[in-house]
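Peer 1: Can you read through this structure? Questions will come right after.
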Amino acid sequence: MRRFATLYRHELQAVIQDRGVLLIFIGAVIIYSFFYPIPYLPEVLKEVPVVAVDEDHTALSRKLIRMADAGDLVRISGQASTVAEAEKRIKAGKASGVLVIPREFERKVLRGENATVGLFCDASYFLVYRQAMTGLLAATKTLSAGIEIRKLQGRGTMAAHAKAVRNPVLLINRPLFNPTEGYASYVVPAVMVLILQQTLLIGIGMLGGTRRENSSGENTGTGASALMSVLSKAAVYLSIYFLHMIYYFFVVFSLYGFPQKGTPFTILSFMLPFLVSVTLLGIFINGFFRRRETSIQVLLFTSLPAIFLAGFAWPVEAIPSWLRILSFLLPTTAGIEGFLRVSEMGASLRNVSFEWGVLWGLCILYGFMAWGAVSLKQKTAAE
């Protein structure tokens, strides 16, 4: 225990004395917690600018424009005389959609014929496209429903019966686990798990690169075994990042109001093997970095693939099977998937037993790999 305490103190001093590592281990984690969620805090995109092209110039066409503008998803930013003029505004970035009401729109409605309107939205930004199209469709369908109900009433049907005939099946929509249906509640919790992994790996890699630059051996001169060296290093990193985990998943989540149905015990129990596996992976790969800056260059490059392989930003069904299997070598794949189910859905450890088992398996795998890498470095240094 004395030898372990000495090794622990030595590694902790190495972290504290390295300003670059402190910036990653402490500064980056705190900075990300404040500045990453800020752009997503509005949760739902609203008031998407849309241009109206009214070629009918009737009371009914003006009513449709007012109904579209009354919703909170789109905003009629102006009117254009032609579709070509509206297209120019979209290309100039002044609008994201066009509502086109053709000639004889009201006349066809009064005759009982099918009238059409044109909805054109910028699909290069999926979120903008979804909101604009949803808002315009809602306004069009509401107007159409009102017209049908008035026709039925004109034939002597009671108002309540007319509404029932027009809409015989009522849809009750209840969004689960993300009540606001917001983007922040969807993306930020998952990315925070990735932030913990990437900053931890980068920091450990920087320490390894520093030792290679200084030609210093494994943490010390006390004749410690490879296993003792791995355990002492892991204890230092885990003690720091366990606090970060509590800060992220309880303080930050509460501060920004992200949904959380899981109990603290279940969340921490699930995430413990995640942190252990990331730590042991970092101890294994840090010997590959000859310079401290290399870890930043290499590991930042892996952030985007890790996001897509985790299966929340890109559908799991669209990932090739062989790539999906290989992705479980990254702690974030099982970590993000299980964490979201535990934290946001209130799942128990039994419900995420597969992901939890994968993480413990990675702890064993990377534990042996880290022990082997440290043993090899100690033998090489001794020779």
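Bear in mind these aren't lab numbers, they're just calculated from the coordinates by the rules spelled out. Everything quoted here is computed from the prediction, not taken from an experiment. Methodologically, a virtual Cβ is constructed for each residue, glycine included, from the backbone with ideal geometry; neighbour enumeration extends over all protein chains shown.
Peer 1: Students often get this wrong, so check it: of Lys233/Lys379; Lys46/Lys88; Lys63/Lys94; Lys46/Lys108; Lys46/Lys261; Lys88/Lys141, which have C-alpha atoms separated by over 29 Å?
Peer 2: From the list (Lys233/Lys379; Lys46/Lys88; Lys63/Lys94; Lys46/Lys108; Lys46/Lys261; Lys88/Lys141), the Cα-Cα distance tops 29 Å for Lys46/Lys108.
Peer 1: What list do you get for Lys233, Lys108, Lys377 if you sort them by fewest beta carbons within 10 Å?
Peer 2: Details: Lys233 29, Lys108 15, Lys377 19.
In order of increasing Cβ crowding within 10 Å: Lys108, Lys377, Lys233.
Peer 1: Give the relative contact order (percent, whole number) for the chain; include only Cα pairs under 8 Å separated by 6+ residues.
Peer 2: Reported as a whole number, the value is 19 percent.
Peer 1: Additional query: I need the phi-derived Karplus couplings for the range 113-118: 6.51 cos²θ - 1.76 cosθ + 1.60, θ = phi - 60°, integer Hz, Gly and Pro marked x.
Peer 2: Listing the rounded values in order: 8, 6, 9, 10, 10, x Hz.
Peer 1: Sticking with this structure for a sec: Over the range 48-166, calculate the relative contact order: mean separation of alpha carbon pairs under 8 Å at least 6 apart, over the residue count, as a percent.
Peer 2: Once divided by the residue count of the range 48-166, the mean separation gives 28 percent.
Peer 1: For a protection proxy built on the mean count of beta-carbon atoms within 10 angstrom, sort 198-210, 247-259 highest first, please.
Peer 2: 198-210, 247-259
Peer 1: So who's got an amide H within less than 5 Å of the one on Leu73, skipping anything under 5 residues away but keeping other chains? H placed 1.01 Å off N, in plane.
Peer 2: When sequence neighbours closer than 5 places are left aside, the close amide H contacts are Glu47.
Peer 1: Related question: At 18 Å minimum axial length over the Cα atoms and a Kyte-Doolittle cut of -0.5, report the qualifying DSSP H helices in the chain, or say none.
Peer 2: In the chain, the long hydrophobic H runs are 2-17, 126-154, 183-214, 226-246, 264-285, 331-345, 353-382.
Peer 1: Order by neighbour count: Tyr186, Tyr366, fewest other Cβ atoms within 10 Å first, most last. Before the final figure, lay out the partial values.
Peer 2: Values: Tyr186 19, Tyr366 23.
Going from least to most buried by this count: Tyr186, Tyr366.
Peer 1: Restricting to bridges with both residues inside the chain, how much of the DSSP beta-bridge set is antiparallel, in percent to the nearest 5?
Peer 2: Details: 4 of 14 bridges.
Percentage antiparallel, nearest 5: 30.
Peer 1: Which peptide among 34-40, 191-197 comes first, and what is the full order, when sorted by highest mean count of other Cβ atoms within 10 Å?
Peer 2: Output ranking for 34-40, 191-197: 191-197, 34-40.
Peer 1: Antiparallel as a % of all DSSP beta bridges within the range 48-166, to the nearest 5?
Peer 2: 30
Peer 1: List every residue whose amide H lies under 5 Å from the amide H of Val53, counting only residues 5 or more places away in sequence or on a different chain, with H placed 1.01 Å from N in the peptide plane.
Peer 2: Ala80, Leu99, Val100, Ile101
Peer 1: If you don't mind, another one. Report D for the range 48-166 in µm² per second (integer): Stokes-Einstein, Kirkwood Rh on Cα pairs, 37 °C, 0.692 mPa s.
Peer 2: 219
Peer 1: Please give the calculated 222 nm ellipticity per residue for the chain, where each DSSP H segment of at least 4 residues contributes -39500 (n - 2.57) and the sum is spread over every residue; nearest 500 deg cm²/dmol?
Peer 2: When only DSSP H runs of four or more count, the value is -20000 deg cm²/dmol.
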